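Undergrad: Here it is, the structure, as structure tokens.
Please treat every number below as a calculation from the coordinates, not as lab data. Bear in mind that the values here come from a model prediction, so they are computed numbers and not experimental data. In this analysis, Cβ positions are derived from the backbone assuming ideal geometry, glycine residues included, and neighbour counts consider all displayed protein chains.
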Amino acid sequence: MAYDDLRAWIAALDRAGELKKIRTEVDPILEITEITDRVSKAQVGSGVHARPAGGPALLFQSVKGHPGSQVLINQFGSARRMNLALEVDELDEVAERIRAFMDVKSPQGFLDKVKMLPMLAEMGKFFPKTVSTGPCKEVIKREKLSLLDFPILQCWPKDAGRFITLPCVVTRDPKTGKRNVGMYRMQIFDEKTAGMHWQRQKIGAEHYRERLRETQPGTASAVDLMARTSGGSQLPEGTVPGGKMEVAVAIGSDPAITFSAIVPAPPDVEEYLIAGFLRQKPVELVKCETVDLEVPASSEIVLEGHVHLDELRSEGPFGDHTGFYSLEDLYPVFHLSCITHRKDPIYSTTIVGKPPMEDGWMGKAVERIFLPLMRLTIPELIDINLPVEGVFHNLMIVSIKKSYPGQARKVMNAIWSLGQAMFTKCIIVVDEDVNVQDIGEVALKALNHIDPERDIQFMLGPVDSLDHASRLPNYGSKMGIDATRKWSTEGFSRPWPDEILMDEKTKALVDKKWKELGLE
Ligand SMILES: Cc1cc2nc3c(=O)[nH]c(=O)nc-3n(C[C@H](O)[C@H](O)[C@H](O)COP(=O)(O)O)c2cc1C
């Protein structure tokens, strides 16, 4: 059954032997990162068989400068913990549930309708419900507020300061009223302000642009507005001074909610609904005190405030997912108006940096869960792999069932048109018989199968804000490699060689003799 809150999740981790409590005093400035990084890099096996294991989740119980505070980190940092978080034995179970829901056809008769009832009842569990109060209201502070009260980490030496790294940032679309929950880091500027690092193409940033459009009807063009949130330092003409957008930030909830905030869901699908689907129990929400937004009732810490529409401030550098520092850039500023929290709140956080790290396991979960959804628009997809070294956006390997000439390129274009998959810098398309999870096999077959000049497709378009090599921030080139077998209908006139495979008879013969050969 669903975890009620972060504490129930921590208890479950402890029971599963997946939690290490640390009582030695540690510094939130750099030291927690160094410890967590070493733990994240733990491996099982050795030599060529070594693979990342992620180490345990860590609960630091004595944090320098924050007596009585506790810091939870690496909660999602292994395959087993990611499964535990989503309460499955294998992530494919979640994909299977999604597939089952998508398979629903229009009922043909009474019996069909009756058969759909359990599914409809299950769907009823997904929708969030608003309750009158909850544990996150145990302490309500409207005065003497300070973000510095929390044991927020400075992760890496050249980071611009302390960063909240695992916040669920709640905003509302001013046009449709729909909520969004996104995970966008927040750099602490001082007691009451923090950077709001929603990247240009994310939904929080779009809500912000909608508010801008709303406050200056008919004046600045949409292009100006985009420029303002794309690294331009000029405020667009006509910006209403004092215009605001409400924001709430929930930190520390049950794992399904935290995970939902990173899921690249379409704008119209609310993350609270996704969390309800994942945990199979509605998310309980409470209304904020000072803004018209709702947050999970069980949150450990809630920050309420505003982003001013006429203010941008330099944010970063920050040691990022890529293994490099993301560069300074202009982002909106969050102004704190109220803090509510549980008594003795547990501060939940993560670090990002050179992979493998906790976020790599979260990315893998997204990969598994999104495969059936990607198949809706790309039905020929067999499997996908986003290797952790590709840091989400740099590399996607896909296998396809190829049925017509040029299909690999069609698949590339479809991926570049699909939500946040648009950021994928390099796509390798292979035939269905290649196991994309086996990088060795992919390298062997892909490199053998390409004539680079013929098989590489370049594309210009939006790229991830974290890409430090693109010609411009957020805009650059992408590459697709068609590593499928080439067909005569694609202009390939030479014969294609057979793959070397031993025949079954000889294999069986050697199997029988294997022990006797003493080669084990
Ligand atoms: C640990 C972690 C930190 C992240 N930080 C940011 C960030 O600072 N800014 C950002 O735009 N996306 C960040 N992301 C990625 C977004 O959370 C992700 O793209 C999500 O789908 C955005 O939500 P949205 O689609 O509702 O905008 C982060 C992801 C993880 C796992």
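Undergrad: Can you show me the helix-derived [θ] at 222 nm for the chain, built from DSSP H runs with n ≥ 4 at -39,500 (n - 2.57) apiece and divided by the number of residues, rounded to the nearest 500.
TA: -8500 deg cm²/dmol
Undergrad: Using 1/(1 + (r/R0)^6) with R0 = 30 angstrom and r between the beta carbons of Arg454 and Thr377, what's the FRET efficiency to the nearest 0.05?
TA: Working from the Cβ atoms, E equals 0.70.
Undergrad: A further question on this structure: Let's test this: bin the Cα-Cα distances of region 310-359 at 10 Å from zero up to the farthest pair and state each bin's percent.
TA: 20, 29, 36, 14
Undergrad: Provide the packing ranking of 131-141, 168-178, 386-396, i.e. peptides ordered by the mean count of other C-beta atoms within 10 Å per residue, highest first.
TA: 386-396, 168-178, 131-141
Undergrad: Given an 8 Å cut-off on Cα distances and at least 6 residues of separation, report the relative contact order of the chain as a percent.
TA: Rounded, it is 15 percent for the chain.
Undergrad: Report the full-extension gain for the segment Leu111 to Lys20: residue separation times 0.36 nm, less the Cα-Cα distance, to one decimal in nm.
TA: Working: separation 91, 0.36 × 91 = 32.76 nm, distance 5.22 nm.
So the extension gain works out to 27.5 nm.
Undergrad: For the chain, go through all pairs of different Cα atoms, get the mean of 1/r, take its inverse, and jot down that Kirkwood value in Å. The partial results should precede the final answer.
TA: Details: mean 1/r = 0.0401 Å⁻¹.
Result for the chain stands at 24.9 Å.
Undergrad: Find how much the distance from Asp498 to Thr176 grows on full extension, using 0.36 nm per residue of separation minus their present alpha carbon separation; answer in nm with one decimal.
TA: So the chain would gain 110.3 nm between Asp498 and Thr176.
Undergrad: Do you know the relative contact order of region 1-143, to the nearest whole percent, from alpha carbon pairs under 8 angstrom that are 6+ apart?
TA: Dividing the mean separation by the residue count of region 1-143 yields 16 percent.
Undergrad: Further question: Tell me, in nm to one decimal, what length is gained between Val48 and Arg471 on full extension, where the rule is 0.36 nm per residue of separation less the Cα-Cα distance?
TA: The span from Val48 to Arg471 would gain 148.6 nm if fully extended.
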